[in-house]
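Asks: So that we are looking at the same thing, I have put the structure below in structure tokens.
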Amino acid sequence: MKVKDTRPSGQLHRALGPANGYPNGSSTAKRTVTVGVVETVPLYRDGLTALIERTPWAKVAAHSASQQGALLMNEQLTPDIVLLDSGLAPNAHLVELLTAHKLHARVVVLVRDADRNPRYLASCMRAGAHGAVPRTAEPQRVLEAVRQAARAHRYLDPALASLLTHPEAQPPAQRRAGDGEAPPPRVPLSRREYQVMQLIAEGQENAAIAKELFLSVETVRTHVKSILRKLSARDRTHAVSIAFRTGMLSISPDAARDDDLAAPTTPTRPVRR
């Protein structure tokens, strides 16, 4: 798995310095906002990259096309802002994982038309997203969301604002047994468990997962046991089934592996774990 680092010489320092943002809401004029782009469609991904690169106060840190790549980017490059395709966060769990990291980014969700509903939008904001804009929004509105998030301000695009006043935006009540829908896991997976879960879904065994994540096989076994317990799963196959049914994992028909990313217009250096 690779994440493309678009900064000159692949430097991994944080452009904003300490505190992951702008203390006291200071201006973006004298600082560079580093942005990670997580988008499944190459045309959209390259368009967002070009938009950020021609913005004087912003710089693309990296881009990715998968959930796993988003987590690696957040760990290795710690961008200030992550622009996240809602198709990769169907139940906002990925938003929660990205914002829970100790050097967490501020997440701006690019909301697909299929996800433009009160329940999804509210779940993203509760999970820690700093902003949300339609995936088809005008470039200046995307940049405004990035600017406001960099200043630690919440930003909700005017086209989405009315959705949060809808009754469905209120915290969901407990589902009744037998309603025909798979309930969400009672205990959310940790960031590392989530990575292991994704690799299990790809059919990898413990030894391959250990090599991929630079862990011992015994540590992977411990994570697998924890996943099965949290999901109340009988085995690995059952766990994968639950993860997809509850939206923890998703399959996007237009998604590509990070290794298959189209090269952006700026020089890149693969970042390996």
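Asks: Multiply the residue gap between Ser226 and His104 by 0.36 nm, knock off their C-alpha separation, and tell me the result in nm, one decimal place. Intermediate values should be presented prior to the final figure.
Replies: Working: separation 122, 0.36 × 122 = 43.92 nm, distance 2.40 nm.
Going from the current span to full extension adds 41.5 nm.
Asks: Also, quick follow-up: Sorted by average packing, counted as other Cβ atoms within 10 angstrom per residue and highest first, what order do 75-83, 107-115, 52-60 take?
Replies: Top of the packing list down: 75-83, 107-115, 52-60.
Asks: Under a 5 Å amide H to amide H cut-off, with H placed in plane at 1.01 Å, what residues pair with Val33 once short-range neighbours are removed?
Replies: So Val33 has HN proximity to Ala58, Lys59.
Asks: If each of Arg154 and Phe214 carries a label point 7 Å out from its Cα toward its Cβ, how far apart are those two points in nm?
Replies: 3.7
Asks: Need the full-extension length gain, Ser190 to Glu202, defined as separation in residues times 0.36 nm minus the C-alpha distance. One decimal, nm.
Replies: Answer, rounded to one decimal: 2.5 nm.
Asks: Continuing with the same structure: Under a plain spin-label model, where a point goes 7 Å from the Cα along Cα-to-Cβ, how far apart in nm are Arg234 and Asp113?
Replies: 4.1
Asks: Something else about it: For segment 191-245, what is the relative contact order in percent, using Cα pairs closer than 8 Å and at least 6 residues apart in sequence?
Replies: Relative contact order comes out at 32 percent.
Asks: Taking the Cα centre of segment 191-245 as the origin, how large is its charge dipole in debye, to the nearest 20, when only Lys and Arg (+1) and Asp and Glu (-1) carry charge on their Cβ atoms?
Replies: 260
Asks: Suppose the chain between Ala161 and Glu138 were pulled fully straight at 0.36 nm per residue; how much longer would it get relative to their current alpha carbon spacing? Mind showing how you got there, number by number?
Replies: Details: separation 23, 0.36 × 23 = 8.28 nm, distance 1.60 nm.
Additional length available on full extension: 6.7 nm.
Read the figures in this text as sums done on the coordinates, not as results from a lab. This is a predicted model, so every value here is computed, not measured. Using ideal geometry, Cβ is built from the backbone for each residue, glycine included, and neighbour counts are taken over all protein chains shown.
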